[in-house]
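The structure appears right after this line, and notes come after that.
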Amino acid sequence: MQHWSTTLTNFFVGLGLPEPVAMAIAFIIGATALAIFAPTLALGLIWITRKIISRIQDRIGPNRVGPYGLFQTVADAAKLLSKEDISPTDADRVAYNLAPILSVFGVIMSTAVIAFAPGIIGADLHVGVLFLVALGSLGILSALMAGWSSNNKYALLAGFRVIAQLLSYEIPMVLAMLGPVLLAGSMRLQALSEFQSLEIAGFNIGLGWTAFIMPAVFLIYFISALAEGEQTPFDLLEAESELIAGFHIEYSGMKFAMFFLAQFLNSFFLGGIAVMLFLGGWQGPFVDQLPILGVVYFLGKAMLVYAVTQWIKGTFPRVRIDQMMAFAWKVLVPMVLALILWQMIALKLPAPTWVQYAAILIGNLGALALIVVILNRHLSKEEIRTKRAFEPTSLIGTMQPAPPSPGN
Amino acid sequence: MLQNYTFVLILSGLALLVPVAAIVLGHFLGPRRPNPIKNQTYESGVETVGDTWVQFRAQYYLIGLIFLIFDVEVIFLFPIALAYQRLSLFGVVATITFVVILLLGLLLEWRKGALEWE
């Protein structure tokens with residue numbers, strides 16, 4: 001499939017421009033399209049979130065501005081634009097002002113390697129997956145900078161939790177991303193999407209998803225992505241009942257809006273990475289005949305994953321910090337390491353490919369069953385312990401007559 | 001291949017431009033009436049007591065160190081994963097030993113109580 005930039009360059013060359021100029025113009029057009037696409041998408045995502053959350057909470061949600069309240073977020077953005085930009089006197093100026101810029105920079109940059117359809121990808125880097133991981137770390141850095149530089153105790157506490165949560169969940173997430181890379185033997189996101197095709201009688205139905213081969217690895221990635229996107233079961237960074245607003249407590253106006261934008265886009269792109277690595281990317285029926293259909297498949301799947309995360313956001317309670325840390329280091333990391341190890345062994349079995357894949361699948365299902373059994377036993381023990389702690393101990397037989405005072 | 005990075009470079013310029021432009025625009029469009037009380041640190045309306053940038057618990061440092069070890073491991077594992085299909089038996093055994101050592105390291109940290117969060 002021809003890359004979009006080649007098509008555009010050829011078009012400009014056809015108009016009579018020299019080739020380097022034509023290529024530069026093509027790249028600038030593509031980059032501008034991506035840079036505009038990301039904030040526009042964020043406006044839509046915020047609207048979707050509000051609609052889903054309000055339906056879960058038995059409300060209607062935004063329905064006044066525009067059809068179905070679609071322009072509510074535009075109105076909100078305009079309002080934030082006209083707000084006063086307050087920065088506290090005690091803040092560390094450089095880090096305080098740099099943090100919102102860096103957070104948006106990170107998410108817009110990650111659009112560069114998103115494979116929308118065959119041939120439609122900003123830049124099909126050979127190190128695509130590593131590029132995404134590196135940009136994820138930029139988000140962590142900006143949250144830490146915001147928390148530390150605000151010179152506010154709540155923000156600082158949130159900054160500590162950034163270290164605890166985002167760093168801990170980065171490890172299982174990145175190790176889970178290793179699974180599809182090991183299977184496809186490439187870090188190019190276009191190659192990873194191409195790898196997940198499934199031909200039945202010469203027709204590509206696009207259902208060769210790696211999630212079918214390694215469901216446990218996909219689940220680990222999804223849980224870690226929830227934590228990385230600061231979504232609800234793990235939204236300790238902005239636990240509003242404890243930390244008011246978390247690390248962006250001291251931000252107002254457009255700087256606050258930048259953090260907001262980055263957070264929504266980040267959780268969408270984490271879902272998008274899940275789609276590209278595990279759920280087939282742009283693969284689907286008829287995509288070989290009509291490549292542009294890939295955009296529909298990719299965005300549809302990514303929106304579906306995003307809707308699921310918002311569903312979780314609307315229905316799950318928040319976890320405690322010690323439970324969260326224990327879950328990352330004692331459940332997810334050993335499990336994903338063991339699964340990667342098993343996958344490495346399975347891929348070198350002297351057998352046909354389908355036997356290797358079946359071995360990986362059996363290993364994944366076994367790991368899932370084992371973890372469910374262990375967690376179940378642990379949780380039922382916890383339940384008995386908490387019950388005992390709250391039971392009122394009986395006072396009968398513990399009462400003693402008061403000792404005679406020495407005065408009598 | 002270098003063209004791809006040219007594209008990334010152009011996009012990085014635009015990705016910096018978007019937030020900077022938005023913030024600068026907001027700075028000029030919004031009102032500006034600073035006063036000392038408004039610019040104080042917001043801690044639920046209570047006056048701030050003491051210094052914010054204090055010494056913090058060593059636990060966070062420990063987590064940071066463990067993260068560093070595993071992150072370096074991941075950086076080593078990605079190139080191995082790319083070449084895995086062409087790897088000889090020696091390479092496979094070496095890789096598996098590498099992962100097993102780290103798994104044992106994690107178990108040691110677990111036994112030593114570095115993963116307990118109080």
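The values are calculated or read from the model by the stated rules, or taken from the named source; none is laboratory data. Predicted model, so just to flag it, every value in this text is computed and none were measured. Don't worry about glycine lacking a Cβ; one is built from the backbone with ideal geometry, like all the others, and counts go over all protein chains shown.
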Being among the small types (Gly, Ala, Ser) and assigned to a loop (DSSP other than H, G, I, E, B) is the filter here; which residues of segment A:203-231 pass it? A:206, A:208, A:229
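For (1) over 12 Å from the mean Cα position of the chain (by Cα); (2) surrounded by 24 or more Cβ atoms within 10 Å (Cβ to Cβ), each residue gets a yes or a no:
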{"residue": "A:209", "(1), (2)": "yes, no"}
{"residue": "A:213", "(1), (2)": "yes, no"}
{"residue": "A:216", "(1), (2)": "yes, yes"}
{"residue": "A:231", "(1), (2)": "no, no"}
{"residue": "A:244", "(1), (2)": "yes, no"}
{"residue": "A:247", "(1), (2)": "yes, yes"}
{"residue": "A:252", "(1), (2)": "yes, no"}
Quick check: is even one residue across segment B:51-72 in contact with a Ser or Thr (Cβ under 8 Å, 6 or more places away or on another chain), part of a helix (DSSP H, G or I) and within 8 Å of chain A (Cβ to nearest Cβ)? yes
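Going through A:98, A:81, A:34, A:45 one at a time, which residue ends up being within 14 Å of chain B (Cβ to nearest Cβ), under 27 Å from residue A:249 (Cβ atoms), surrounded by 15 or more Cβ atoms within 10 Å (Cβ to Cβ) and under 24 Å from the mean Cα position of the chain (by Cα)? Quick ask: steps written out before the conclusion?
Working: A:81 fails: under 24 Å from the mean Cα position of the chain (by Cα); A:34 fails: under 27 Å from residue A:249 (Cβ atoms); A:45 fails: within 14 Å of chain B (Cβ to nearest Cβ).
Selected residue: A:98, the only one of A:98, A:81, A:34, A:45 that is within 14 Å of chain B (Cβ to nearest Cβ), under 27 Å from residue A:249 (Cβ atoms), surrounded by 15 or more Cβ atoms within 10 Å (Cβ to Cβ) and under 24 Å from the mean Cα position of the chain (by Cα).
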Checking B:89, B:108 in turn, the sole residue that is more than 7 Å from chain A (Cβ to nearest Cβ) and over 30 Å from residue A:192 (Cβ atoms) turns out to be B:108
When you look at residue B:26, is it under 30 Å from residue A:89 (Cα atoms) and assigned to a helix (DSSP H, G or I), yes or no? yes
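Need at least 3 residues that are outside the structural domain of residue A:227 (by TED's automatic domain parsing) per element, so show me which helices (runs of 4 or more DSSP H) inside segment A:239-356 make the cut, counting only ones lying wholly within it.
Filter on segment A:239-356 gives A:321-326, A:333-347.
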Considering only segment A:52-67, state which residues are touching a residue at least 12 places away in the same chain (Cβ under 8 Å) and either assigned to a helix (DSSP H, G or I) or under 21 Å from residue A:255 (Cα atoms) (or both). A:52, A:53, A:56
Could you tell me whether any residue of segment A:12-29 is in a helix (DSSP H, G or I), without any contact (Cβ under 8 Å) to a residue 40 or more places away in the chain, exposed (fewer than 15 other Cβ atoms within 10 Å of the Cβ) and away from chain B (no Cβ under 14 Å)? yes
Examine segment A:218-236 for a residue that is over 23 Å from residue A:274 (Cα atoms) and touching a helix residue (DSSP H, G or I) at 6+ places or on another chain (Cβ under 8 Å), and state whether such a residue exists. no
Give A:76, A:90 a once-over and let me know the one that is outside any helix (DSSP H, G or I) and either more than 7 Å from every other protein chain (Cβ to nearest Cβ) or modelled with pLDDT under 85 (or both). A:90
Every residue from segment A:144-202 that is in a loop (DSSP other than H, G, I, E, B), facing chain B (nearest Cβ under 9 Å) and among the polar types (S, T, N, Q): A:150, A:151, A:152, A:186
